[in-house]
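Accompanying notes for the structure given below.
The values are calculated or read from the model by the stated rules, or taken from the named source; none is laboratory data. Being a predicted model, the structure only gives us computed values, none of them experimental. Cβ atoms come from the backbone with ideal geometry, glycine included; neighbour counts cover every protein chain shown.
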Amino acid sequence: MKTIFFKFLIKIGIFNIFRRVLQKDRLTVLFYHSPKSCLFNEHIKLFKRYYNLIQREDLLSAIREKDNSVLPPYSIYITFDDGHVSNKELFKVLKNEEVDAEIFVCPGLIDTKRAFWFKKFHGKEKNMLKSGIWKNSEYHMFSKGFDYKKDYDQLSSLTLKQIKEAPLNVNFSGHSMFHPMLTGIDKERLNKEIKDCYDYLKNNVNQESYFFAYPDGRFDSKVRRIVKKNGFEAAFSTKYGFIDMTKDDVFSLKRIGIYDDASSEKALLQACGLWSVLESLFKWLKRLFTSFR
Ligand SMILES: [Zn+2]
């Protein structure tokens, strides 16, 4: 039912209006976490009908020249946060479809069985851990039996071997060592989280440059400054929007999140910005409906 409605929105041209107004001359950077490869393949096939999936070197030129005009119209670049071990299943799709992508990894978990803390906590507790002083959050996690340096049963992160064997169009960049909330940690640890991450990439991943994605999209001027100081070329947030390189700060680039389990039509509506409008509309209608009851 929902898919029919999404297809209808695409067919009658509302999608196209959003695409033209918001995306023609701006860069859209999408972010995923760990989508299933067959579904992701369907997303790519549909994106290709409406967008130009750009190469990393073009993205780099646009960042360095602070100019969107070096990019084709309707440009999209694909990113993945965290470097989940399941991302290895996507390598084949990215290679076959000849789509460049960036995976933001946490080197503190690579080649270990350490777990991402945010996979062990949920709901309100997880939200509480994200805010405030990180040391207190870690203390809470520790009291609940979670240790970010302990090995668990399964691999959470891609291994270095997998990273090294990835196709050339799959690129790797930084997401901090252990994925703490960078705005809540002290300066010394902040510097270590970012510097060690950069050094790991530099020593292990042969690339011209590295980008950074702030864990959970959280950053402030101090975090931004340290990311820049340590050699990263640009940084991505999770702030919603489309990029105009002539105006936007390259250390707080906006991105659009795509649900890992979205149908390809839903992914398309998310990518063009229409989804967020629909979501706000539905919330408003729901509030209106409950206030009349
Ligand atoms: Zn993350």
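This table checks each residue for (1) surrounded by fewer than 17 Cβ atoms within 10 Å (Cβ to Cβ); (2) at pLDDT 95 or above; (3) within 16 Å of the ligand (Cβ to nearest atom); (4) under 23 Å from the mean Cα position of the chain (by Cα).
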residue: PHE8; (1), (2), (3), (4): yes, no, no, no
residue: ILE12; (1), (2), (3), (4): yes, no, no, no
residue: ILE17; (1), (2), (3), (4): yes, no, no, no
residue: LEU30; (1), (2), (3), (4): no, yes, yes, yes
residue: PRO35; (1), (2), (3), (4): no, yes, yes, yes
residue: PHE40; (1), (2), (3), (4): no, yes, no, yes
residue: ILE44; (1), (2), (3), (4): no, yes, no, yes
residue: LEU59; (1), (2), (3), (4): no, yes, no, yes
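If you check LYS95, LYS126, which single one turns out to be within 16 Å of the ligand (Cβ to nearest atom), assigned to a helix (DSSP H, G or I) and either modelled with pLDDT of 95 or more or within 20 Å of the chain's Cα centre (by Cα) (or both)? Step through it out loud before you land on a result.
Values: LYS95 fails: within 16 Å of the ligand (Cβ to nearest atom).
Testing whether each residue is within 16 Å of the ligand (Cβ to nearest atom), assigned to a helix (DSSP H, G or I) and either modelled with pLDDT of 95 or more or within 20 Å of the chain's Cα centre (by Cα) (or both) leaves just LYS126.
Would you mind stating whether LEU22 is more than 24 Å from LEU94 (Cβ to Cβ), touching a strand residue (DSSP E or B) at 6+ places or on another chain (Cβ under 9 Å) and surrounded by 14 or more Cβ atoms within 10 Å (Cβ to Cβ)?
Working: more than 24 Å from LEU94 (Cβ to Cβ): yes; touching a strand residue (DSSP E or B) at 6+ places or on another chain (Cβ under 9 Å): yes; surrounded by 14 or more Cβ atoms within 10 Å (Cβ to Cβ): yes.
Taking the combined requirement at face value, the residue satisfies it.
Looking for something surrounded by fewer than 19 Cβ atoms within 10 Å (Cβ to Cβ), more than 15 Å from the ligand (Cβ to nearest atom), part of a helix (DSSP H, G or I) and free of Cβ contacts under 8 Å to residues at least 40 places away in the same chain - is there at least one such residue anywhere in the range 105-122?
Among the residues of the range 105-122, not one is surrounded by fewer than 19 Cβ atoms within 10 Å (Cβ to Cβ), more than 15 Å from the ligand (Cβ to nearest atom), part of a helix (DSSP H, G or I) and free of Cβ contacts under 8 Å to residues at least 40 places away in the same chain, which makes the answer no.
Quick one: SER69 ticks every box in (1) touching a strand residue (DSSP E or B) at 6+ places or on another chain (Cβ under 9 Å); (2) small (Gly, Ala, Ser); (3) assigned to a helix (DSSP H, G or I) except a single one, so which number is it?
Condition not satisfied by SER69: (1).
Could you tell me which residue of the range 156-168 is surrounded by the fewest Cβ atoms within 10 Å (Cβ to Cβ), considering only residues that are within 15 Å of the ligand (Cβ to nearest atom) and in a loop (DSSP other than H, G, I, E, B)?
First, the residues of the range 156-168 that are within 15 Å of the ligand (Cβ to nearest atom): 156-158.
Adding the requirement that they be in a loop (DSSP other than H, G, I, E, B) leaves 156, 158.
Details: SER156: 19, LEU158: 25.
It comes out as SER156.
Quick check on the range 248-269. Is at least one of its residues within 15 Å of the ligand (Cβ to nearest atom), closer than 29 Å to LEU168 by Cα and part of a strand (DSSP E or B)?
yes
With the requirement that a residue be touching a Lys or Arg at 6+ places or on another chain (Cβ under 7 Å), farther than 17 Å from LYS2 by Cα and in contact (Cβ under 8 Å) with a residue 60 or more places away in the chain, what does the range 251-273 give you?
LYS254, CYS272, listed by residue number.
In the range 59-78, what residues are of a type in the set (Asp, Glu) and in contact with a Ser or Thr (Cβ under 8 Å, 6 or more places away or on another chain)? Reasoning before the result, please.
At the first step, the residues of the range 59-78 found to be of a type in the set (Asp, Glu) are 65, 67.
Result: ASP67, single match.
Can you find, within the range 129-153, the residue that is nearest to the ligand (Cβ to nearest atom) among those that are polar (S, T, N, Q) and at pLDDT 95 or above? Working first, answer last.
Step one: of the range 129-153, the residues polar (S, T, N, Q) are 131, 136-137, 143.
Of the ones still in play, those that are also at pLDDT 95 or above are 136-137, 143.
On the way: ASN136: 20, SER137: 15, SER143: 23 Å.
Checking each candidate, the answer is SER137.
Identify, from the list ASN171, ASN203, ASN191, the residue that is buried (at least 18 other Cβ atoms within 10 Å of the Cβ), away from the ligand (no atom under 16 Å from the Cβ) and either assigned to a helix (DSSP H, G or I) or within 15 Å of the chain's Cα centre (by Cα) (or both).
From the options ASN171, ASN203, ASN191, the qualifying one is ASN171.
Output the qualifying pairs, or none if there are none: Cβ atoms under 7 angstrom, residues six or more apart or on different chains, first residue in the range 63-75 and aromatic (Phe, Trp, Tyr), second residue surrounded by 14 or more Cβ atoms within 10 Å (Cβ to Cβ).
From the range 63-75, the pairs are TYR74/ARG19; TYR74/GLN23; TYR74/TYR50; TYR74/TYR51; TYR74/ASN52.
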